[in-house]
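The values are calculated or read from the model by the stated rules, or taken from the named source; none is laboratory data. Predicted model, so just to flag it, every value in this text is computed and none were measured. For neighbour counting, all protein chains shown are included, and Cβ atoms are generated from backbone atoms with ideal geometry for every residue, glycine included.
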Amino acid sequence: MTRRIPVTAFAALTTALLLTGCAAGEEPATPPDPTPVETEAAAEPVEETPAPADEETADPTCETIISASTVEALTDLGWTYEQKEFRFGEEIIDGGLECVWGDYTVASDHVQVFGWAPLDADASADAQQKLIGSGWLRADADGHTYITEDPAYAMATDEEGFGMTYEFGDGWVKLADAKQSLILIEWP
């Protein structure tokens, strides 16, 4: 035969043991003073922090037209940039910029060039004609129009033979020291 302690007897025994343990001569610890809690909303207006500017509405900079990882890689090399106006020859394009990244602590022609400018369709067609008229070459690929300097006169070329190259898109133009470097320009 199995003996079972009734639930009420077990509860009574547990309560008695707990009460006896507290009365063993030790004083219970005093609870810490509660921290006052403000129950009413603050009367002062809360100043909201403006949301960060969307890249499409902010102005482009030498650190935003290329990816953050590219900026980090260049700065890790100790490189800085010089910002210039975006140009087609003597013509300056408003709202654009050209960034020449390099180590300006030493004399060197080892640099990276990245540029971007807003450009409407008429200005784009005009710029392309001026460049081609100056001896630059046109290349169409993958739905993009590229105008590149003649490789015979380029200081350096990429694996495809492209030197300094402009890429024309819908409402914009990009510039890089080689066609392959155009993929690093992410604006907008």
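A few comments on the model shown:
- So Ile183, is it within 20 Å of Glu85 (Cα to Cα) and of a type in the set (Val, Ile, Thr): no
- Number of the condition not met by Ile132 [criteria: (1) loosely packed, with under 13 Cβ neighbours inside 10 Å; (2) modelled with pLDDT of 95 or more; (3) more than 18 Å from Glu91 (Cα to Cα)]: (3)
- Scanning region 93-110 for residues that are closer than 22 Å to Lys179 by Cα and modelled with pLDDT under 95 returns Ser108, Asp109, His110.
- From Leu119, Leu74, Leu137, residue being surrounded by 14 or more Cβ atoms within 10 Å (Cβ to Cβ), over 26 Å from Glu63 (Cβ atoms) and not polar (S, T, N, Q): Leu137
- Strands (runs of 3 or more DSSP E) enclosed by region 106-188 - at least 1 residues per element that are free of Cβ contacts under 8 Å to residues at least 40 places away in the same chain and of a type in the set (Ser, Thr, Tyr): 144-148, 165-169
- Residue in region 158-181 that is loosely packed, with under 15 Cβ neighbours inside 10 Å and of a type in the set (A, V, I, L, M) present: no
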